[in-house]
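Q: This is the structure I have questions about; it appears just below.
The values are calculated or read from the model by the stated rules, or taken from the named source; none is laboratory data. Predicted model only: the values in this text are computed from it and were never measured. FYI the Cβ positions are ideal-geometry reconstructions off the backbone, even for glycines, and counts take in every protein chain you see.
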Amino acid sequence: MIRLGRDKKAALVSIVVTAFLAVIKYSVGVLSGSIALVADAVHSLTDVISSIGVFLGLKISSRKPTEAFPYGFYKAENIVSLLLALAIFYAGYDIILSSVEKFEEVVLTNVPIAISAALASLVFTLLLSSYQLKVGRETKSPSLVADGKHTRTDVYASAVVLAGILGNYLGFYALDPIAGILVAVFIFRSGYEILKDSIKVLLDASIDYESLHRIRELASEAHGVRKIRSLKARSSGKFVFVELEIETNLRDLERAHHLSDKIEEKIKSEMKNVDRVIVHVEPEEKEFIRYAVPCTENNALQSRVSEHFGGAEYFCIFDMRTADNDLADMRFIKNPFIGLEKMKGLRVAELLATKEIDKLVTKESIAKKSAFYVLEDAYVEFEETDADTVREIIEELK
Ligand SMILES: [Zn+2]
């Protein structure tokens, strides 16, 4: 046997009870000639349809996307609902036409049976709504609670039908067709509810502002993200799909990949209904590339390149514009650690790491020294040179 959750079982019970009431009301409506009963039967039928939607919705939303339907099944269900909503609107329109035709003095037959049917509908609808609301709240199923609230107001439809039949019996013949028209309003409402929900999902409704803001925050917090270029999220049924475009200063593919995995994990672990996060990683658009060169003197372009790194007297820092590869800015900093006995290189590296340098150009290789790791951590790239002056380096870059 198939085991159903309590919410699914309640949705199934709603379908069976409402369908049973629809059959009773339709048969008795035809037998007695009451258009109000027939209208309420049609109304119950529309409610069966939307309850089937709730039932399928509960089933489908507990089903993950497959390979063939990578975005899930939510939309197929919604296209069907859209067509059903149109059919329901037509049914409501038809009921109003038939009711208007019956405004002449139509006397109902089999009134006791008609009254019993209307009364039974009223009582069962009331019981059903209490049951739906109770299970819906206990299982935290928003769709079942919504269905329960709808059913509760349907008690009014049954009361209107009962009043119409009694009125007709007492000689106010028009009351039965008037009740029919009032019930048509309930039919339109069911159609509108189905239509609204399906259109929302079909149009890829975005998620609420707070969730969107939280996703943006989580992504910005990740180390290596310089800018969020765009963020899109849409909900499909219970699930949210996120598309994110970020700028990073990481140039290494593996690191950039690791970064996007980290962002995805972070968002998914905090926001449980996020089904998937797609991160597009783009390199940060830079206006300048900043170079650092150890020098023996501060003599502008004529400065001689030092043979050492930690022991260099000065560091020449200059920016090359990415647009035209021209020199944009140049300055020198004096090496404050040159007098140290030990760890000059490490201290200098720590200082340069704060200067947002992209490339370090040296004569002496600093690979495998502690300075190298400090600078690598600050995403500095390394280049070795044979050039004697800063001018030569810049000429080579051009
Ligand atoms: Zn209804």
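Q: Only one of 58, 37 is modelled with pLDDT under 80, closer than 26 Å to residue 128 by Cβ and touching a helix residue (DSSP H, G or I) at 6+ places or on another chain (Cβ under 8 Å); which?
A: Answer to the selection: 58.
Q: Something else now. Right, residue 76: within 16 Å of the ligand (Cβ to nearest atom), assigned to a helix (DSSP H, G or I) and either at pLDDT below 90 or surrounded by 15 or more Cβ atoms within 10 Å (Cβ to Cβ) (or both) or not?
A: It is false that residue 76 is within 16 Å of the ligand (Cβ to nearest atom), assigned to a helix (DSSP H, G or I) and either at pLDDT below 90 or surrounded by 15 or more Cβ atoms within 10 Å (Cβ to Cβ) (or both).
Q: Among the residues of the range 121-130, how many are surrounded by fewer than 17 Cβ atoms within 10 Å (Cβ to Cβ) and in contact with a helix residue (DSSP H, G or I) (Cβ under 7 Å, 6 or more places away or on another chain)?
A: Counting residues in the range 121-130 that are surrounded by fewer than 17 Cβ atoms within 10 Å (Cβ to Cβ) and in contact with a helix residue (DSSP H, G or I) (Cβ under 7 Å, 6 or more places away or on another chain) gives 1.
Q: Taking the stated definitions as given, is residue 232 assigned to a strand (DSSP E or B) and out of contact with any Ser or Thr (no Cβ under 6 Å at 6 or more places or on another chain)?
A: Here the answer is yes, as residue 232 does meet what is asked.
Q: Is there a residue in the range 197-217 that is assigned by TED's automatic domain parsing to the domain that holds residue 53, surrounded by fewer than 16 Cβ atoms within 10 Å (Cβ to Cβ) and within 16 Å of the ligand (Cβ to nearest atom)?
A: no
Q: Of all residues in the range 296-319, count the ones that are in contact (Cβ under 8 Å) with a residue 60 or more places away in the chain, surrounded by fewer than 20 Cβ atoms within 10 Å (Cβ to Cβ) and not charged (D, E, K, R).
A: So the count comes out to 3.
Q: Same structure, new question: Could you please let me know if residue 261 is without any contact (Cβ under 8 Å) to a residue 24 or more places away in the chain and closer than 22 Å to residue 359 by Cα?
A: no
Q: When you look at residue 182, is it within 15 Å of the ligand (Cβ to nearest atom), closer than 14 Å to residue 34 by Cα and in a helix (DSSP H, G or I), yes or no?
A: yes
Q: Still on this structure: I need a count of the residues in the range 348-357 that are under 26 Å from residue 388 (Cβ atoms) and surrounded by fewer than 18 Cβ atoms within 10 Å (Cβ to Cβ).
A: Qualifying residue count for the region: 2.
Q: Next question. Within the range 235-286, which residues are in a strand (DSSP E or B) and more than 21 Å from the chain's Cα centre (by Cα)?
A: The answer is 247, 248, 282, 283.
Q: Within the range 190-209, can one find any residue that is closer than 23 Å to residue 87 by Cβ and touching a strand residue (DSSP E or B) at 6+ places or on another chain (Cβ under 8 Å)?
A: The answer is yes, given that some residue of the range 190-209 is closer than 23 Å to residue 87 by Cβ and touching a strand residue (DSSP E or B) at 6+ places or on another chain (Cβ under 8 Å).
Q: Going through the range 30-46 one residue at a time, which ones are among the hydroxyl-bearing types (Ser, Thr, Tyr) and either in contact with an Asp or Glu (Cβ under 7 Å, 6 or more places away or on another chain) or away from the ligand (no atom under 16 Å from the Cβ) (or both)?
A: Matches in the range 30-46: 32, 34.
Q: So which helices (runs of 4 or more DSSP H) stay within the range 292-398 end to end and still have 1 or more residues that are acidic (Asp, Glu) and at pLDDT below 85?
A: 370-377
Q: If you don't mind, there's one more thing I want to ask. Which of the residues belonging to the range 326-347 are surrounded by 15 or more Cβ atoms within 10 Å (Cβ to Cβ), under 52 Å from the mean Cα position of the chain (by Cα) and of a type outside the set (A, V, I, L, M)?
A: Matches in the range 326-347: 332, 345, 347.
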